[in-house]
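Heads up: the structure comes next, in structure tokens.
FYI, it's all coordinate maths here, none of it is from the lab. Remember, it's a predicted structure, so these values are computed and weren't measured experimentally. Please note: Cβ atoms are built from the backbone with ideal geometry, for glycine as well, and neighbour counts cover all protein chains shown.
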Amino acid sequence: MGGNADWTITSSSPYQGDYCAQSGDIDHNQTTELSVDLDVYAGEISFYRKVFSESSYDFLQFYIDGVMQGQWSGNIGWSEVTCPVTAGNHTFKWVYEKDSYVSSGQDCGWIDEISFPPLTPSFPVIAYYPTQLNFGQVTVGEDSTMHFTIQNVGASSIDGNIVTPAGYSVAESGSKNEISFSISAGSSQTFDLTFAPTSEQTYEGNLEITIPPFQQETIPVSGEGVMFAVDPSSQYYENTALLGNYPNPASDFTRIKYHLKGSINDQNAEIRIYNIKGALVKKVNGIDGEANFDVSRLSNGIYFYKLNRTSCNTVKKLMIVK
């Protein structure tokens with residue numbers, strides 16, 4: 001807050017929902033200000049504004065880092081304002097300013113439905129892909145290797161460790177049931193997970209990723225040790241699942257993984273992408289359980305995606321940062 005009076009929260013005629021912000025009650029040659037400092041990814045800010053003032057003299061204004069992005073006066077109904085924002089720390093400020101003489105109308109401005117660019121985390125945050133690993137059937141005495149990636153999307157480096165369930169080992173080099181790692185901010189690291197069954201049984205459990213002191217993530221892993229492996233073409237999935245995407249955040253493309261109930265030879269599906277307001281922005285065709293999605297033409301921000309299947313209601317989040 002700032003100026004000669006604070007902005008207030010009012011339930012009088014909001015654009016949407018129950019409340020909106022209204023400029024403070026001021027006299028001639030005074031201002032009322034509302035501001036916030038945020039560290040954000042590159043993207044855009046949007047908000048709805050309304051004003052009822054002396055036309056061309058008393059103004060509702062919007063600033064980013066002290067630079068005016070727009071001003072409005074007169075009797076103007078609710079409409080949206082959108083401004084581009086670069087990555088970094090910024091001050092977003094709304095000001096209602098009166099001149100020396102006449103008052104007109106309700107003599108104030110209103111704002112509602114503010115949408116900021118994605119905030120930059122100030123603490124370690126990880127993303128990982130894939131979100132589950134299924135080795136299928138592997139002959140006892142042999143082994144099979146899959147890969148998973150951990151990405152540091154926070155603002156500081158992370159140090160952690162990875163622990164595997166029985167029957168599995170993780171490696172950068174060599175093979176262990178537990179390893180430690182360190183990943184700098186904005187970087188990623190890929191690991192090998194090896195399944196080596198020693199008996200004829202099902203091996204299920206969680207791969208545990210721990211970032212002290214408080215963050216722990218798990219990747220479900222499964223595989224079956226058999227005396228003779230079954231031809232993969234005869235395998236099938238027992239349910240439909242949306243597994244996730246990598247990389248996430250994405251800048252130019254990302255790969256979305258899923259599987260459909262039924263034969264592994266029938267794994268084509270449509271994936272629908274929505275923006276943060278729930279509007280459909282893209283349909284992507286997936287082939288053989290994955291969809292390559294070109295995000296280069298989408299604006300920075302948070303999006304959501306889901307399989308176009310009634311049997312799967314799972315919704316996943318995708319962040320675009322360029």
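Stretch ASP99-SER263 to full length: gain in nm at 0.36 nm per residue minus the Cα-Cα span? Don't skip to the answer; put the middle values down first.
Values: separation 164, 0.36 × 164 = 59.04 nm, distance 7.25 nm.
Answer, rounded to one decimal: 51.8 nm.
Apply the a/c threshold of 1.5 to the C-alpha gyration tensor of segment 146-293 and tell me whether it is rounded, prolate or oblate.
Oblate.
For segment 121-230, report the convex hull volume of the alpha-carbon atoms normalised per residue, in Å³, without decimals. Walk me through the numbers on the way to the answer.
Values: hull volume 9.2 nm³, N = 110.
Measuring per residue, one finds 83 Å³ for the Cα hull of segment 121-230.
Identify the residues of segment 54-91 with backbone N under 12 Å of a label point that sits 7 angstrom from the Cα of GLU44 along the Cα-to-Cβ direction, or state none.
80-85
Could you let me know the centre-to-centre spacing of segment 34-50 and segment 84-151, using Cα atoms, in angstrom?
One Cα centre to the other: 12 Å.
Please report, in Å, the Rg and the Dmax of segment 236-322, where both are computed over Cα atoms only.
Using the Cα atoms of segment 236-322, the pair Rg, Dmax is 12.6, 38 Å.
Give, to the nearest whole percent, the P(r) tail of segment 2-115 beyond 20 angstrom, counting all Cα pairs.
Looking at segment 2-115, the distances longer than 20 Å represent 38 percent of pairs.
Using every Cα-Cα pair within segment 1-47, state what percent have a distance larger than 12 Å.
Working: 753 of 1081 pairs.
Summing the P(r) of segment 1-47 above 12 Å gives 70 percent of all pairs.
Show which lysines lie in cross-link reach of LYS317 when reach means a straight Cα distance below 24 angstrom and same-chain residues fewer than eight apart are skipped.
Of all the lysines, those that pass the test against LYS317 - Cα under 24 Å, at least 8 places apart if same chain - are LYS257, LYS261, LYS277, LYS282, LYS283, LYS306.
Net charge within 9 Å of ILE256 by Cβ-Cβ distance, Lys/Arg positive one each and Asp/Glu negative one each, not counting ILE256 itself?
Working: positive: ARG255, LYS257, LYS316; negative: GLU290.
Net of charged neighbours comes to +2.
Stretched out fully, how many nm does the piece from CYS83 to TYR19 gain, at 0.36 nm a residue minus the Cα gap? Please report the intermediate quantities before stating the final value.
Numbers: separation 64, 0.36 × 64 = 23.04 nm, distance 2.30 nm.
Length gained, CYS83 through TYR19: 20.7 nm.
If you take the square roots of the eigenvalues of the alpha-carbon gyration tensor of segment 65-164 and sort them as a ≥ b ≥ c, do you get rounded (a/c under 1.5), prolate (a/b over b/c) or oblate? Please list the in-between numbers first.
Working: a/c = 5.90, a/b = 3.39, b/c = 1.74.
Prolate, since a/c reaches 1.5 and a/b exceeds b/c.
Can you give the net charge of the other residues whose Cβ lies under 14 Å from the Cβ of ILE211, counting K and R as +1 and D and E as -1?
-3
In nanometres, what is the gap between the two model label sites at PHE181 and ASP143, each 7 Å from Cα along Cα-to-Cβ?
According to this spin-label approximation, the distance is 1.8 nm.
Expressed in whole Å with the largest first, what are the equivalent ellipsoid semi-axes of the chain derived from the C-alpha gyration tensor as the square root of 5 times each eigenvalue?
On the way: eigenvalues 566, 96, 39 Å².
Over the Cα atoms of the chain, the semi-axes work out to 53, 22, 14 Å.
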